[in-house]
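> Got a structure here, written out as structure tokens. Questions coming.
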Amino acid sequence: MHLEEVAKRIIKNFPRNHKEKDPFKVLITTVLSQRSKDENTEIAANRLFEKYPTPQTLLKAKEEDLYELIKPAGLYRQKAKRIIEISKIIVNKFSGKVPDTLEELLTLPGVGRKTANIVLYVSFSKPALAVDTHVHRISNRLGWCKTKNPNETEFALMKLLPKDLWGPINGSMVKFGKNVCLPRNPKCDICPIYDYCKWEGKK
DNA sequence: AAAACGGGGGC
DNA sequence: GCCCCAGTTTT
């Protein structure tokens, strides 16, 4: 089976729907999600947006006030500082709109390639690969690439897959990574692409 | 390339 | 206590 067909099978088996598309909420939620579990991220994001739904409202927020709201996501001091700073830059430099290019997004504090690419794909429907540890690990396990870090994986996957698959395969791989292709004890017995995996460690 | 950053929650 | 968690920044 061709690599592209395997990718499509992953996408079919682990579909990912992004309900929220508002660029500001996607951006801030993704910053909150860094080094944090989904459930806790969601609690933090809901509490934050209930009080501060836009960058304009966040301009007046006190850092200490954000601590309590976003605490469940962890690293709350650092994140509170970044969220306020991001809001300032968006309002003052980008006329209140989240920028829609990789270069501009990367100028925001706490926004790296992974976070920027999520915004590009989810909110602006642009082809983008947000390569995190899951996508990195799985791409290498499958034998799609031999890369040292997520950055290299991003460029490897861009060459391997057509643009219209970048966003979908990314999200689906994360889901796959959390449900089946786990870092430590992968559930190879229920893996839908077991036959196409070149990993020596597979069981 | 590696270390620092710096916290909640589960076990 | 120790580990993981859709990372980013600094050294």
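> Return the residue satisfying two criteria in turn: it lies in the stretch A:11-41 and is part of a helix (DSSP H, G or I) and free of Cβ contacts under 8 Å to residues at least 12 places away in the same chain, and of such residues it is nearest to A:Pro168 (Cα to Cα).
Residue satisfying both the conditions and the ranking: A:Lys12.
> Which residues, taken from the stretch A:4-19, are within 11 Å of DNA strand C (Cβ to nearest atom) and surrounded by fewer than 17 Cβ atoms within 10 Å (Cβ to Cβ)?
Across the stretch A:4-19, the qualifying residues are A:Arg16, A:Asn17, A:His18.
> Given the conditions (1) more than 16 Å from DNA strand B (Cβ to nearest atom); (2) small (Gly, Ala, Ser); (3) touching a helix residue (DSSP H, G or I) at 6+ places or on another chain (Cβ under 8 Å), and given that A:Gly110 satisfies all but one, which numbered condition is not satisfied?
(1)
A quick yes/no check of all residues on (1) assigned by TED's automatic domain parsing to the domain that holds A:Arg35; (2) touching a residue at least 12 places away in the same chain (Cβ under 8 Å); (3) under 21 Å from A:Ile10 (Cβ atoms):
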| residue | (1), (2), (3) |
| --- | --- |
| A:Thr107 | yes, yes, no |
| A:Ala116 | yes, yes, no |
| A:His136 | no, yes, yes |
| A:Arg141 | no, yes, yes |
| A:Lys146 | no, no, yes |
| A:Glu152 | no, no, yes |
| A:Pro162 | no, yes, yes |
| A:Cys181 | no, yes, yes |
| A:Arg184 | no, no, yes |
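> Further question on the same structure: Need the failing condition index for A:Asp100 against (1) crowded, with 16+ Cβ neighbours inside 10 Å; (2) under 22 Å from the mean Cα position of the chain (by Cα), just the number.
All conditions pass for A:Asp100, except number (1).
> In the same structural domain as A:Ser33 (by TED's automatic domain parsing) and more than 15 Å from A:Asn46 (Cα to Cα), is that true of A:Lys88?
yes
> Can you name every residue in the stretch A:137-193 that is in a helix (DSSP H, G or I), more than 13 Å from DNA strand C (Cβ to nearest atom) and of a type in the set (Ser, Thr, Tyr)?
A:Ser139
> Still on this model: Kindly provide the set of residues from the stretch A:146-180 that are over 16 Å from A:Arg16 (Cα atoms), of a type in the set (A, V, I, L, M, F, W, C), surrounded by 14 or more Cβ atoms within 10 Å (Cβ to Cβ) and out of contact with any Asp or Glu (no Cβ under 7 Å at 6 or more places or on another chain), ordered by number.
Our first condition is that a residue be over 16 Å from A:Arg16 (Cα atoms); within the stretch A:146-180, this holds for A:146-163.
Still in the list and also of a type in the set (A, V, I, L, M, F, W, C): A:155-158, A:160-161.
Now drop any that are not surrounded by 14 or more Cβ atoms within 10 Å (Cβ to Cβ), which leaves A:156-158, A:160-161.
Within the stretch A:146-180, A:Ala156, A:Leu157, A:Met158, A:Leu160 meet the criteria.
> Out of A:Leu59, A:Leu66, which single residue is surrounded by 16 or more Cβ atoms within 10 Å (Cβ to Cβ), more than 16 Å from DNA strand C (Cβ to nearest atom) and free of Cβ contacts under 8 Å to residues at least 40 places away in the same chain? Let's see the steps before the verdict.
On the way: A:Leu59 fails: surrounded by 16 or more Cβ atoms within 10 Å (Cβ to Cβ).
Selected residue: A:Leu66, the only one of A:Leu59, A:Leu66 that is surrounded by 16 or more Cβ atoms within 10 Å (Cβ to Cβ), more than 16 Å from DNA strand C (Cβ to nearest atom) and free of Cβ contacts under 8 Å to residues at least 40 places away in the same chain.
> Of the conditions (1) within 12 Å of DNA strand C (Cβ to nearest atom); (2) in a helix (DSSP H, G or I), A:Arg47 clears all except one; give me its number.
(1)
The values are calculated or read from the model by the stated rules, or taken from the named source; none is laboratory data. This structure is a prediction, so every number in the text was calculated from the model and none was measured. Cβ atoms come from the backbone with ideal geometry, glycine included; neighbour counts cover every protein chain shown.
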